Every structure is written in C-alpha cells, then in structure tokens.
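The values are calculated or read from the model by the stated rules, or taken from the named source; none is laboratory data. For clarity, every value in this text was computed on a predicted model and none was experimentally measured. Note that we place each Cβ from the backbone using ideal geometry, even for glycine, and neighbour counts take in every protein chain shown. Just the protein is used for accessible areas: all its heavy atoms, side chains included, with ligands, DNA and RNA removed. Shrake-Rupley method; radii C 1.70, N 1.55, O 1.52, S 1.80 Å.
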2 protein chains.
Amino acid sequence: MFVLDERLEADSLPVGTREGCLVRLFRDARYPWLLVIPSMGQFREWWELTADQRAQVDRVLVDGARVLSGMPDVQKINLASLGNLVPQLHWHVVGRRAGDPAWPGPVWGHSTPRPYEPGQQAALIAHLVGELNLNPSR
Amino acid sequence: MFVLDERLEADSLPVGTREGCLVRLFRDARYPWLLVIPSMGQFREWWELTADQRAQVDRVLVDGARVLSGMPDVQKINLASLGNLVPQLHWHVVGRRAGDPAWPGPVWGHSTPRPYEPGQQAALIAHLVGELNLNPSR
C-alpha cells in the first residue's frame with residue numbers, strides 16, 4: 001500500500017498520474033521542476049523496482065524531461081534520485097536555465113523556493129497534464 | 001563516434017566497460033562514486049537514447065548502485081544526470097554516508113575532492129571490475 005511521504009506532499013502540488021507514478025510540481029516558480037514518484041509499491045532505492053517497473057517510470061521521466069526542455073529558455077534537464085532527506089523513492093526532473101539562481105550548481109538545498117502565482121500554477125498544471133497525457137489529480 | 005569529454009576524463013579513472021557504457025571512478029576518496037557514460041553515441045540528454053539503450057544503461061546503473069550500497073557505512077545511493085557543466089551525458093552513482101562531508105546536501109560542487117591512495121585505488125577498481133562484471137580498461 002502506497003502512502004505519499006509528508007514532506008514530498010508539502011513541497012509539491014499534484015499534477016496527475018501515469019503508469020503507476022504520481023507526477024507532482026515542485027513548489028518553486030524559479031525552476032520548472034517535476035517530482036515523479038513510483039507508487040506501485042513503497043520503495044527506497046531504484047533497484048527495488050523490477051526492470052519492467054523501472055522502464056515504466058523511465059517513460060514518465062523521459063516525457064517529463066522532454067516537456068520541460070520545451071519551456072522558455074530551458075537549456076539542460078537535470079534528472080536525479082537522491083533521497084538523503086526523504087527516504088521514499090522519488091525522481092526530480094528539473095529544467096535548468098543559464099541564469100537561474102543555482103546555475104550551474106545543483107538546485108537541492110540552494111535557496112528558498114518562490115511560490116507560484118495561483119494563475120500561473122493552474123495554467124502550468126493544465127499544460128503538464130495535457131503534454132504528459134496524465135490522469136489529472138482530483 | 002564517441003569521444004570522452006576532457007573534463008570527465010580528468011575527473012575520473014577508467015574502471016571498465018559494459019553494455020555500451022564506460023564505467024569510471026570519480027577521483028574523490030571521500031565518496032564511493034561512479035560515473036556511467038553511455039558510449040553507443042554522442043548524447044547530451046537522456047531521451048536521445050532509444051528505450052533499449054536506456055534499459056542497457058539502467059542495468060549498469062542498478063548494478064553500480066547495488067555494489068556501492070554494499071560498501072562500508074553507505075546508507076543511500078544518489079543517482080543523477082545533471083550536465084550543467086559537462087554537456088556529454090553521464091550518470092553519477094554516489095554512495096552516501098550520514099557522516100560524509102556534503103551530507104545531507106548534494107555532493108556536486110560541495111568541496112575539494114580528496115585523491116585516492118594508490119593501493120586503495122587499485123583495490124577498489126579491481127573490486128568494481130569483479131562485482132560489476134566489467135571488461136577491464138587497459
């Protein structure tokens with residue numbers, strides 16, 4: 001039985017689901033930043049998934065990366081599963097811009113997030129649901 | 001035709017090859033840290049590989065992660081493909097320990113690497129070649 005980690009839930013917004021994954025938007029308007037959380041089980045490390053489950057998650061990561069790379073000024077995608085602070089397995093997909101606050105360093109722990117404006121947030125979530133072909137979250 | 005990026009070459013040591021990937025040891029004795037570099041083409045982003053190529057690389061990542069997780073005191077594996085500084089696609093597989101210098105933050109750009117002692121380096125490379133079933137580098 002999958003239960004979303006509390007900190008992941010607090011730090012991000014639901015976007016939708018696909019292929020056994022939750023797709024969420026990180027609450028930081030400074031970077032286009034998705035979390036992809038495998039929910040077909042309770043996992044901590046990547047190798048705990050079967051090869052088929054990993055391939056499923058990978059398709060979501062690849063599509064997420066492609067969509068973020070099409071957003072304005074995004075030059076590089078960062079993909080990472082770290083889990084030093086939150087043990088529940090989750091992937092970060094982050095669109096990086098040469099002028100972003102953490103560039104060229106890593107975004108994790110860099111500086112205080114800036115929340116989305118409500119209208120911007122809703123529009124981005126709708127865009128992501130469509131582009132990633134997600135089942136929208138209620 | 002694949003050519004290894006100069007900076008990746010300078011920052012790491014050859015360990016071996018498998019399934020179209022170079023496996024290299026990052027020159028920092030403070031963390032068990034592998035680089036896995038797909039060499040079946042010149043890539044920048046993960047989605048430029050076919051699904052089959054990604055599955056190949058993923059098997060190397062998973063085995064690398066498992067082997068590093070068996071090293072003393074390693075508590076969490078970090079997997080990441082960033083590429084903000086080096087555009088050639090490469091994956092980091094890093095074994096993290098609760099007491100390591102960057103813990104719980106990211107290792108990238110944190111502090112100056114500490115080189116391996118020659119004997120320790122040779123022993124670790126031999127261990128990795130065996131555990132990962134690599135074709136050893138000349």
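Does residue B:57 satisfy the criteria of being within 14 Å of chain A (Cβ to nearest Cβ), open to solvent by less than 40 Å² (accessible area, probe 1.4 Å) and not in a loop (DSSP other than H, G, I, E, B)? Judged against the criteria, residue B:57 is a match. With respect to the conditions (1) within 20 Å of residue A:13 (Cα to Cα); (2) modelled with pLDDT of 95 or more; (3) within 13 Å of chain B (Cβ to nearest Cβ), residue A:114 lacks only one, and its number is (3).
In contact with a helix residue (DSSP H, G or I) (Cβ under 7 Å, 6 or more places away or on another chain) and among the charged types (D, E, K, R): does that describe residue A:131? Considered against the rule, which asks whether it is in contact with a helix residue (DSSP H, G or I) (Cβ under 7 Å, 6 or more places away or on another chain) and among the charged types (D, E, K, R), residue A:131 comes out as yes. The condition of being modelled with pLDDT of 95 or more, under 20 Å from residue B:89 (Cβ atoms) and of a type in the set (Ser, Thr, Tyr) holds for only one of A:81, A:39, that being A:81. Show the residue pairs that are 6+ apart or on different chains and have beta-carbon atoms under 9 Å apart, the first residue being within the range B:32-53 and closer than 13 Å to residue A:65 by Cα, the second being at pLDDT below 95 and not small (Gly, Ala, Ser). Listed pairs, sorted by first residue: B:44/B:87.
The single condition from (1) within 30 Å of residue A:100 (Cβ to Cβ); (2) open to solvent by 10 Å² or more (accessible area, probe 1.4 Å) that residue B:96 fails is (2).
For the range A:33-54, the tally of residues that are at the interface with chain B (Cβ under 7 Å from one of its Cβ atoms), assigned to a loop (DSSP other than H, G, I, E, B) and closer than 21 Å to residue A:15 by Cα stands at 0. Scanning the range B:6-43 for residues that are β-branched (Val, Ile, Thr) and open to solvent by 30 Å² or more (accessible area, probe 1.4 Å) gives a single hit, B:17.
Yes/no per residue for (1) open to solvent by 70 Å² or more (accessible area, probe 1.4 Å); (2) among the β-branched types (Val, Ile, Thr):
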position	(1), (2)
A:67	no, yes
A:74	no, yes
A:80	no, no
A:88	no, no
A:107	no, yes
A:111	no, no
A:114	yes, no
A:121	no, no
A:129	no, yes
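Being touching a Leu at 6+ places or on another chain (Cβ under 9 Å), of a type outside the set (A, V, I, L, M, F, W, C) and within 12 Å of chain A (Cβ to nearest Cβ) narrows it down to one of B:106, B:87, so name that one.
One residue alone meets the criteria, B:106.
Being assigned to a loop (DSSP other than H, G, I, E, B) and either more than 12 Å from the chain's Cα centre (by Cα) or not acidic (Asp, Glu) (or both) is the requirement here; does residue B:25 meet it? No, not satisfied. The set of residues in the range B:71-96 being under 26 Å from residue B:57 (Cβ atoms) and free of Cβ contacts under 8 Å to residues at least 40 places away in the same chain consists of B:71, B:75, B:76, B:77, B:78, B:79, B:80, B:81, B:82, B:83, B:84.
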